[in-house]
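J.: Quick one: the structure is below, and I'll ask about it shortly.
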Amino acid sequence: MLEALIFDVDGTLAETERDGHRVAFNRAFAEFSLDWYWDVATYGKLLLTSGGKERIRHYIRAWRPPTPRFTDCDAFIARLHACKTAHYGSIVRDNCLPARQGVRRLIDQAREREVRLAIASTTSPHNVDALLGAWYGPGWRAIFAVVAAGDEVQRKKPDPQVYALALARLGLDARHCVAIEDSAAGLSSAARAGVDVVVTRSEYFRHQPHVGALAVLDDLGEPDAPARGRVADAPWSGVVTLDTIDAWRGARPAAARTAPRAVPGAAQLA
Ligand code: XBP
Ligand code: MG
């Protein structure tokens, strides 16, 4: 029995990366008088590093941009990232980034059917609050019983720690939950925590291989705009509902399921 849906945030709930996070990073760079600029293509390459602070650190080390003299790189990155997070919050609140196709409909159905809702995201908790607060107001917290996000875990996606933390906080077995994700890193993180995954490919991760997902789709679909993709390696088109997901889970051979991996530290964090 499906007891909870665990949603990823960026690229899954909404297309937040190109016009949200990327713009916020560039505004923070300008505010810090850095002549860094992440265009759409560059950001797509940097997105392969999960986590905004980790992404900045990778950029400094691998791309070697002109940087101010600093004695403590971590402290510099933390300040720069906090500025970026503030800009991201403004962008989300001012623009109310729209939900991806089918997301609000599936959330509403889960609420009607008392299937619990959780978040498992690499992004900072402030960003989750900004996006869901813009959609549902401060009461969003009553809709998503559990949030596991950002620096609450040491190792970010594709490590399974954030999904293990969400499961620990839900108090549910992975076999009774399904994750909705957009990227290969997110799929890997959920699957290694033993959670079945429905992938709705996002702009930046459209061409990644999503091996082992229950379904790989363009989105969750609406009655007047069915989703398209593949399920069990066959073409599929339709509207993703709780019953659709349950049918996919029931049809999945037991051997295909990823055994939940004990994830050190997650239960203690719960
Ligand atoms: C996507 C990420 C995050 C965001 C930026 O998270 O990798 O790092 O790109 O957010 P997910 P921060 O898909 O797991 O929601 O700058 O707060 O990290
Ligand atoms: Mg994502």
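J.: Using the heavy atoms of the protein chains alone and a 1.4 angstrom probe, what is the accessible area of the chain per residue in square angstrom?
T.: Using a 1.4 Å probe on heavy atoms only, each residue of the chain averages 45 Å².
J.: Next up: Rank S90, A24, P66 by how far each Cα sits towards the positive end of the charge dipole of segment 16-95 (+1 on Lys, Arg Cβ; -1 on Asp, Glu Cβ) and give me just the farthest.
T.: P66
J.: Between A247 and R206, what length in nm is gained on full extension when 0.36 nm per residue of separation is reduced by their alpha carbon distance?
T.: Result: 12.3 nm gained on full extension.
J.: Let me ask something else about it. So if each residue of separation counts as 0.36 nm, and I subtract the Cα-Cα distance between A225 and D173, what length gain in nm does that give?
T.: 15.4 nm
J.: Run the accessible area of the chain with a 1.4 Å probe and give the carbon-and-sulfur part as a rounded percent.
T.: 52
J.: I've got another one for you. With only Lys, Arg, Asp and Glu charged, each at its Cβ (+1 for the first two, -1 for the last two), find how big the charge dipole of segment 16-95 is about the Cα centre; round to the nearest 20 debye.
T.: Using Cβ point charges on Lys, Arg, Asp and Glu, segment 16-95 gives about 180 debye.
J.: Moving on. S33 to C96: FRET efficiency via 1/(1 + (r/R0)^6), r the Cβ-Cβ distance, R0 30 Å, to the nearest 0.05?
T.: Computed FRET efficiency for S33 and C96: 0.50.
J.: Below 14 angstrom from the Cβ of A215, what's the summed charge of the other residues (Lys, Arg +1; Asp, Glu -1)?
T.: Net charge around A215: -3.
J.: Here is a further query. Any idea what Rg and Dmax come out to for the chain if you just take the C-alpha atoms, in Å?
T.: In Å, with Rg to one decimal and Dmax whole: 18.4, 58.
J.: With +1 on the Cβ of every Lys and Arg and -1 on the Cβ of every Asp and Glu, and nothing else charged, how large is the dipole of the chain about its Cα centre, in debye rounded to the nearest 20?
T.: 680
J.: What does the net charge come to around W236 if you take all other residues with beta carbon closer than 13 Å to its beta carbon, with K and R at +1 and D and E at -1?
T.: That works out to -1.
The values are calculated or read from the model by the stated rules, or taken from the named source; none is laboratory data. In this text the structure is predicted, and so the values were computed from the model without any measurement. Note that each Cβ is placed from the backbone with ideal geometry, even for glycine, and that neighbours are counted across all protein chains shown. Accessible surface is based on the protein model in full, side chains and every heavy atom, while ligands, DNA and RNA are left aside. Shrake-Rupley method; radii C 1.70, N 1.55, O 1.52, S 1.80 Å.
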